[in-house]
Each structure stands twice: as structure tokens, then as C-alpha cells.
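Each remark here refers to the structure printed beneath this line.
Only the coordinates and a few stated rules stand behind these numbers; no lab work does. Since this is a predicted model, take the numbers as computed values, not measurements. Note: ideal-geometry Cβ built from the backbone for every residue, glycine included; neighbour counts use all protein chains shown.
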Amino acid sequence: MATKPKLDADLGGKLVDQTDYRSKIESLMYLTSTRPDIVQAICYCARYQARPTEKHLKEVKRIFRYLRGTINMGLWYPKDSGFELTAFLDADHTVCIDTRKITSGGRQFLGDKLVRWMSKKQDCTATSSAETEYMTLSASSAQ
């Protein structure tokens, strides 16, 4: 969920029911254990529980609309599928001869389901292909 810290205290805004606002925030906080994509947005809204305004309530309702729209999204793991983590990585340091910055990419599978992919131009430089592979492997393992 894309978030921008555009909320502020909104001291001149019209106040809303604090109890209702707090109960909505608590409901959303309960979901953060299974929906890490909404944590940042909820934390922005939770800052203003003491004096919520219509602007803050509008943002909370936006989170609920996002949840309603993404309710059927997720990964399905049948019980007969394997749970082995497999990673495929590739690194190339010959793209730019001047900077020697590596471009790395990779995919990670849990069983036969794709769970993560990446493609990134790294900030560090490499002097050999072995060093390039090592940096890519290190970055992937950290994920």
C-alpha cells in the first residue's frame, strides 16, 4: 500500500468521535500481523488518536477500502506442495565498463510458487566476476 506522510495534526479540522476512531485503529492494528503492507499507513493514522479529525478518519477509511479491494489476493499453498526455498541469482558487472557497477537479479520460490523477485543496479563496484557473484549472493541471502 503506497503511503506518504501527508497527515498532520490538522488543528483547524472538524473533530470526529474519538472512541469510534480508536476502535477502527485497534481493528487495523490487529491485522498488521498478517498484513505487513498496511503497517506504515496504520501507524501514521494511529498518531492522531488523541484528537482525530475528518481528515484522519478519511485516511482510515481509505485503508479499509484498500483491504476490501485486496481481500482475495494472496498465495495459495496446497498441502501437497513442497516448502523448500529455492533461489536463482544472476549478476553482471560488464554492463558499464566505466563504473563497473553490477546489475543483479534474482527470483525466490517457496515450493513452485514465486514469492520474491528483484532486479537492482548495485551501489558497490566489483573488480572480478567472482566478487560480483559473492555480492549478489550476500544481498539475496539477507532477504
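Quick notes
- Long pairs among LYS24/LYS113; LYS61/LYS113; LYS6/LYS61, criterion Cα-Cα beyond 23 Å: LYS24/LYS113; LYS61/LYS113
- Length gained when the stretch ARG107-SER27 is fully extended (0.36 nm per residue, less Cα-Cα span): 25.4 nm
- If R0 is taken as 35 Å, the Cβ-Cβ distance between LEU114 and ALA50 corresponds to a FRET efficiency of 0.20.
- On the beta carbon distance between ASP37 and LEU11, with R0 = 35 Å, the FRET formula returns roughly 0.70.
- Taking a straight Cα-Cα cut-off under 27 Å and skipping sequence neighbours fewer than 8 places away in the same chain, the lysines within cross-link reach of LYS120 are LYS4, LYS101.
- Within the shell of other residues whose beta carbon sits under 14 angstrom from the beta carbon of GLY111, the net charge comes to +1, with Lys and Arg scored +1 and Asp and Glu -1.
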